[in-house]
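Read through the structure below, which is laid out as structure tokens, and then see the notes.
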Amino acid sequence: MTFSEKNDNISLPAFLSSVYGVQDIVSTLTFIQDYESNMPYMMEALIEWNEVNNELKPEILKSQFAWDRINVNRLMSQLTFTSEVEQYRFDLLQNKMSGAWLNVIPSPNIVTFLNNDVMRICIGLRLGSNICHPFECVCGKAVDELGRHALHCKKNPGKYFRHAELNRILHQGLGTINMPSLLEPTGLYRDDRKKRPDGITYTAWERGKSLVWDATCADSLAVSNMSGRIKTPGMASERAVARKHSKYSLIKANYHFVAVGVETFGPWSKEAINLLNKIGSHMIRLTGEAKARLYLFQRFSLAIQWGNAMSVNASIPKGAALDEIYHLH
């Protein structure tokens, strides 16, 4: 038995963890003294493992996750990136929130199904792959093959879909825990009197004050967020939250204000995580569904990715349709 070099990253951890997982019962039934030497193919697997991982073994031998983690760390240490931006993109993807949408059950009935075009764009952005032919955006700037300009273009209409979807999920999540809310409430404005917050609860949320929230999505790889020596995943969303608090400083005196900051490549602000954690905990208590909080986080993460795809699609020049075929009989 040999493990091919192509598959040893998957097959070796699976085989070794399973063999160690049954060690106790096998040793009891067969009275084997030297377990590793007597188990079929065990020594061959260990030799191949030691060759690629320098004889490094996990503390919990029966855990496939522990074996996989050693492989992942080795492969990550061997990665090279073409630029600082690509390195930072990879760092962003290590954030727990960045991959929540990948675990969503795809179902058209609950609107969690991504069509082929949306999935292609989401995966392309995540992997840093080319997703379009270069073109000129409606704002006049050149867009390269990566298509990332659309994620922060101020003239891109796709960002409004993401903003509306994030607020819809919050609105419905609050409704699920018997906390009715109103989107875009009148009478509440920023300090500059230009815009109003995204939503408000009718009843008290914390310390006798109604919850007022405002959602914002920052582009993780925008030039403004890539400036400076220190770049930490989640930094862009925290900056966006700080700006929101500054603009809504007057509202904070009479309401419990929360800035829901997220990023295009995954990380969320601490305020966003805390708010969804609190809503999710109430959902579990009231509905009895143990995974309610997990599903809430997944839907929120999916909305961000959907917005990314909508932004990219909205920026690409549209071709002329062959409408004449509808008039043919």
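The values are calculated or read from the model by the stated rules, or taken from the named source; none is laboratory data. Not measured: the values here are computed from a predicted model. Methodologically, a virtual Cβ is constructed for each residue, glycine included, from the backbone with ideal geometry; neighbour enumeration extends over all protein chains shown. Just so you know, the surface numbers come from the protein's heavy atoms only, side chains and all, with ligands and any DNA or RNA stripped out. Shrake-Rupley method; radii C 1.70, N 1.55, O 1.52, S 1.80 Å.
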Flagged pairs (Cβ under 7 angstrom, 6 or more apart or on separate chains; first in the range 1-22, under 20 Å from Lys62 (Cα atoms) and modelled with pLDDT of 80 or more; second part of a helix (DSSP H, G or I) and not hydrophobic (A, V, I, L, M, F, W, C)) are Leu12/Glu48; Pro13/Gln64; Pro13/Asp68; Pro13/Asn71; Ala14/Gln64; Ser17/Gln64
May I ask you to list pairs of residues, at least six apart or on different chains, whose Cβ atoms are under 8 Å apart, with the first in the range 109-129 being farther than 18 Å from Gly266 by Cβ and the second being in a helix (DSSP H, G or I)? Asp117/Ala309; Asp117/Asn313
When the range 54-83 is checked residue by residue, the ones that are of a type outside the set (Val, Ile, Thr), under 20 Å from Gln23 (Cβ atoms), open to solvent by less than 40 Å² (accessible area, probe 1.4 Å) and in a helix (DSSP H, G or I) are Ala66, Trp67
Given (1) under 24 Å from Ile316 (Cβ atoms); (2) basic (Lys, Arg); (3) free of Cβ contacts under 8 Å to residues at least 12 places away in the same chain, Arg89 misses just (3)
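Quick one: would you say Leu92 is open to solvent by 60 Å² or more (accessible area, probe 1.4 Å) and under 21 Å from Ser129 (Cβ atoms)?
Numbers: open to solvent by 60 Å² or more (accessible area, probe 1.4 Å): no; under 21 Å from Ser129 (Cβ atoms): yes.
Criteria not met by Leu92.
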The one condition Phe81 fails out of (1) more than 23 Å from the chain's Cα centre (by Cα); (2) at pLDDT 85 or above is (1)
Taking the range 220-256, which residues are open to solvent by less than 30 Å² (accessible area, probe 1.4 Å) and small (Gly, Ala, Ser)? Ser220, Ala222, Gly234, Ala236, Ser237, Ala240
Subset of the range 153-177, residues open to solvent by 60 Å² or more (accessible area, probe 1.4 Å), under 20 Å from Phe300 (Cβ atoms) and either among the charged types (D, E, K, R) or part of a loop (DSSP other than H, G, I, E, B) (or both), comes to Lys159, Arg168
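Given the criteria farther than 30 Å from Leu166 by Cα, touching a helix residue (DSSP H, G or I) at 6+ places or on another chain (Cβ under 6 Å) and among the hydrophobic types (A, V, I, L, M, F, W, C), does Ile47 qualify? Before the answer, list the steps.
Working: farther than 30 Å from Leu166 by Cα: yes; touching a helix residue (DSSP H, G or I) at 6+ places or on another chain (Cβ under 6 Å): no; among the hydrophobic types (A, V, I, L, M, F, W, C): yes.
So Ile47 fails the test.
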Exactly one condition in (1) farther than 29 Å from Leu296 by Cα; (2) surrounded by fewer than 11 Cβ atoms within 10 Å (Cβ to Cβ) is false for Cys139; which is it? (2)
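Condition check ((1) over 20 Å from Gln94 (Cα atoms); (2) small (Gly, Ala, Ser); (3) outside any loop (DSSP other than H, G, I, E, B)) across all residues:
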| position | (1), (2), (3) |
| --- | --- |
| Ala240 | yes, yes, yes |
| Lys244 | yes, no, yes |
| Phe257 | yes, no, yes |
| Asn274 | no, no, yes |
Within the range 27-53, considering residues that are touching a residue at least 12 places away in the same chain (Cβ under 8 Å) and aliphatic (A, V, I, L, M), the one surrounded by the most Cβ atoms within 10 Å (Cβ to Cβ): Ala45
Given the options Cys217, Cys132, name the one that is in a loop (DSSP other than H, G, I, E, B), open to solvent by less than 70 Å² (accessible area, probe 1.4 Å) and under 30 Å from Asp91 (Cα atoms). Cys132
